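K.L.:
Before I ask anything, here is the structure I am working with.
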Amino acid sequence: MVRAPQAEALRASGAAVTELDDVASLPAELQRLRPDLLLVGSTVSPAALQKACDGCNSLPPLVCLAGPQADYHLLAGLRPAAILAQSAGWPATVGAVQAILQGISGRPAPVSESPVGIRDNALNALWESEKRYRGIVENAAEGIWSLDCGRVTTYVNTRMAELLGFQPSEVVGHRASEFIFPEDRQRAREKFTTCLAGEPVRFDFRLRRRDQGELFVTIAASPVFNQAGQVTGVVGLLTDVTTRELIESQLQTLLQEQEAERVFLQTLLDNLPVAVAVLDARNFHYRFLNAAMRRSFFHGPKPVAKQPEDVHPQLGQGLLESCRQVIASGEPLRLREFEPATEPGEERTFWDADYLPVCDESGKVTAIILITREVTASVRNRRREEEMRAEAEERARDAERGREALEQEVARRLSLEDQLRRSNQDLLQFAYVISHDLQEPMRNVASFSRLLVQRYKSSFDALGEEFLGHIMASADRMRQMIDDLLVYSRVAHDSSSHFDTVPMNRVVAEAMANLERSITENQATIICNDLPEVSGEFGRLAQLFQNLIGNAIKYRSAEPPLVKISARLEDRKWLFSISDNGVGIEPRYAEQIFGVFRRLHGREYPGTGIGLAIARQIVERHGGRIWVESDGANGSTFHFTLQPCRGS
C-alpha cells in the first residue's frame, strides 16, 4: 500500500512486492500471501488501517510511512515495527526496509537512520510513551472514545466497546451518531461543535447498546491538537451513569407518587361534604384545614397556629372544652345538633361535630381531628317536614271528605248520564218511529197532489197551479228528509253489525256504480289509488263513500268534477283521503257540516243536509274519526280513519 516508485525501488533491491489499492481487502490478501512485512504509505488513514487490522487473525511486522502532517500518536496506536518519517517528495528508503526485514525478531525495530530523515530518538521515546499510554487507555475503568473532525470514530478502548456491546473494530469507522439516541443527537452535535472550536465540554446523553438497551453516560470531551496547533478530533472520557440515572428516576418516580398521593388525599379531603380540621393537642393550634373548613369558618389567609377561639368565638370555648375532654378520655366525642351562641340579630344555626383522637405509640393523644357539619338546613327541613306532615294529615282528612263528596257527585252524574243515554235512545227511537210512521201520510200527500194535477189541472188558474206545485215539492222534500232520517236512525241503532275483512277497492266500485248517472251527467273523473283491506261492514262503507263522492260531485265548481281517492297507513290505522276541486268549505264550518240537517248553501243544491252526519256515524261505529280540510276556495279534502283487518 505504497506509491508505485517506492514499490519499484523495493523490487529492484530483490524484494517481492504486492501492491494493494484498497485497505478493505487487506485481511484476505494477508491470508493468501502471508508476507514478511506490511509497508503502509502516508495516504492510508490510521483509522481505516486499524479497522482492517482488527479483522486479521495474525499480522506481519508493520512499517508506517509518515508524512509531514502525520499524527504520531495515532500511528503509534497501530503498534508498528517502525515509523519512517519523510519530507515532501522523499525517495523510498530501501536500505531501511531491508534492515527491518533482516532484523525481524518479534520486537519493534528501531527507527531507521537513513537519508529520508528518520527521527529515531524522538520516535523511540514516542513509542515507549505510546506503550504506556496504550496500557493505561486499554485498562482504564472508564470508556474512551476518539473521533475525527467528521465525527467518525478513530478509536475506542476495551471498556467503551464493552459498554456498547460491540468489538472495538465494529465501532471504529462509524459515526458517533449511530450509537446515540435520536432524541439526544442534536444536543450532542452542538456540544461536539463547541469542542471542535477548542473548548472542553461535559454533558450527559444516552447511547444505544447493541441489544437496543439504554445506556446513560456522562462525557468529558476535550479537543485533540496536532503539532501545528490545529484541532484534529475529539477524545472523550465516558462514565456509565445508568445506575445513577435509574436510581434518580426511581427516586423521582417515588417523589411524584408521594406528591400524587398527597394531592389525592388533599383533593379527597377538599371534596368531602364536611369541614375537617386537625388541631395540635398541645396548644390547640390548627395544623390542617380542608376546603370546606376554610370556606365555612375562615375568610382570608390560612390560619397558621390559631386557636378555635381566635377564629370563631361563638364556637371557640365549646370546641376547646370538647378537645380537653377527648384528651382526658382518649375516646371520640360526638355532638349532635348543638346550637352555638349567637349575637343579637344573628340567625340561629345548628351543628354536628365529631372529635377523633390521634394517639402515638404510647397511647398519648397528640392531635385531634375535628369534623363539623352544619345541619341547620336539615333541622329546619325536619321541622318543616313535621309541620308539613301535620298539614298533610289535615289535608288528607279534607281529601277524604272531598272524596266522599266526589263519589256522591260521580254517582249523581252517572245517574244523569244514564238518564241522558236513555233519553237519547228514546229520542232516536222516537225519530225512527216518527220517520217510519210519517212515510205513509207523506206518500198519500204526494200521491193525491199528483192526482189533483192530473185530473183537475184545467180547473186551476196560474196561482192555483203554483200553490199546487209548492205542495208537491214540499211533500217530496219532506219525504226525502224522512227517508234520510230513517237511514240515520238505522245507522245509530244498528248494534248487530258484524265486521269482516272488506276490500276497499270493491267498496269504491260499488259506490261508483250507484253514482253512475251522476258521474256521467256531470262528466266527473274519479281517480282511485290501490286501496287496502279493512275491518268493517261492506254496505255501510259503500254508503260512506257514496255520500262523500256524491257531495264532491254535487258541490262542483265550473270545472268538471275531479275526485281523488287514496289511503296510507298512519299510527297503525288506515287514513283515507277523498279530495275534490269543488267550491270548497270555509274552515269555520269544518265541524258544523257534520250536524244533522246542516246546510251551508241553502236550497241552491239538492239534498237534506244529513249525508255527512250519516258519514260520521258510519266512521265512528267503525272505530275511526272523520274531518275536513279546505281553504274555502280550492276544493276540499275529507279524511277519515278505519281499523286495519286482523293479521295485517
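K.L.:
Rounded to the nearest 10 Å², what accessible area does Ile371 show when all protein chains are kept and the probe is 1.4 Å?
P.N.:
About 40 Å², ignoring ligands and nucleic acids.
K.L.:
Using a 1.4 angstrom probe on heavy atoms only, work out the carbon and sulfur share of the accessible area of region 138-180 in %.
P.N.:
On the way: 860 of 1730 Å².
Carbon and sulfur: 50 percent of the exposed surface of region 138-180.
K.L.:
For Thr501 and Arg383, FRET efficiency with R0 = 51 Å and r from the beta-carbon atoms, rounded to 0.05?
P.N.:
Numbers: r = 68 Å, r/R0 = 1.34.
The value I calculate is 0.15.
K.L.:
Heavy atoms of the protein only, probe of 1.4 Å, neighbouring chains included. What is the accessible area of Glu465 in Å², nearest 10?
P.N.:
Rounded to the nearest 10, the figure is 80 Å².
K.L.:
For Arg295 and Tyr589, calculate 0.36 nm times their separation in residues minus their Cα-Cα distance, and state this gained length in nm to one decimal. Can you show the working numbers first?
P.N.:
Details: separation 294, 0.36 × 294 = 105.84 nm, distance 6.89 nm.
Here the segment from Arg295 to Tyr589 would lengthen by 98.9 nm.
K.L.:
Could I have the simple spin-label model distance between Arg395 and Tyr456, label points 7 Å from Cα toward Cβ, reported in nm to one decimal?
P.N.:
Each label point is offset 7 Å from its Cα along the Cβ direction, giving 8.2 nm.
K.L.:
Given 0.36 nm per residue, what is the gain on full extension from Thr366 to Leu463 after removing their alpha carbon distance, in nm?
P.N.:
Details: separation 97, 0.36 × 97 = 34.92 nm, distance 12.91 nm.
Full extension from Thr366 to Leu463 adds 22.0 nm.
K.L.:
Set the Förster radius R0 to 35 Å, insert the Cβ-Cβ distance between Val231 and Ala28 as r into 1/(1 + (r/R0)^6), and round the FRET efficiency to 0.05. Could the numbers behind the result be given before it?
P.N.:
Numbers: r = 36 Å, r/R0 = 1.02.
For R0 = 35 Å, the calculated efficiency reads 0.45.
K.L.:
Taking the Cβ of Asp22 as the centre, find all other residues whose Cβ is under 15 Å away and add up their charges (Lys, Arg: +1; Asp, Glu: -1). Walk me through the numbers on the way to the answer.
P.N.:
Details: positive: Arg32, Lys51; negative: Glu19, Asp21, Glu29.
Charge balance near Asp22 sits at -1.
K.L.:
On to the next question. Would you kindly derive the ³J(HN,Hα) couplings of region 578-589 from the backbone phi angles with the Karplus curve 6.51 cos²θ - 1.76 cosθ + 1.60 (θ = phi - 60°), listing them in order in whole Hz, with x for Gly and Pro?
P.N.:
10, 10, 9, 10, x, 6, x, 9, 5, x, 5, 9
K.L.:
May I ask you to compute the full-extension gain from Gln408 to Glu261, defined as 0.36 nm times their residue separation minus their alpha-carbon distance, rounded to one decimal in nm?
P.N.:
Numbers: separation 147, 0.36 × 147 = 52.92 nm, distance 7.08 nm.
Working it through step by step, the gained length comes to 45.8 nm.
K.L.:
Now for a different question. Can you pull out the GluC sites (Glu not before Pro) in region 499-595 that DSSP calls coil and that have at most 16 other Cβ atoms within 10 Å? Mind dumping the intermediate values first?
P.N.:
Working: sites: Glu510, Glu516, Glu521, Glu533, Glu537, Glu570, Glu591; in loops: Glu537, Glu591.
Passing sites in region 499-595 are Glu591.
K.L.:
Probe radius 1.4 Å, ligands and nucleic acids ignored: give me the carbon and sulfur share of the accessible area of region 501-602 as a rounded percent.
P.N.:
Working: 2430 of 5380 Å².
On region 501-602, the fraction of accessible area on carbon and sulfur atoms equals 45 percent.
K.L.:
Further question: Could you tell me how far the Cα centroid of region 363-383 sits from the Cα centroid of region 625-648, in Å?
P.N.:
70 Å
K.L.:
With a 1.4 Å probe and all protein chains in place, put Met160, Met388 in order of accessible area, largest first.
P.N.:
These residues rank, largest area first, as Met388, Met160.
The values are calculated or read from the model by the stated rules, or taken from the named source; none is laboratory data. These numbers were taken from a predicted model, which means no experiment stands behind them. For neighbour counting, all protein chains shown are included, and Cβ atoms are generated from backbone atoms with ideal geometry for every residue, glycine included. Quick note on the areas: whole protein, heavy atoms, side chains included, nothing else; ligands and nucleic acids left out. Shrake-Rupley method; radii C 1.70, N 1.55, O 1.52, S 1.80 Å.
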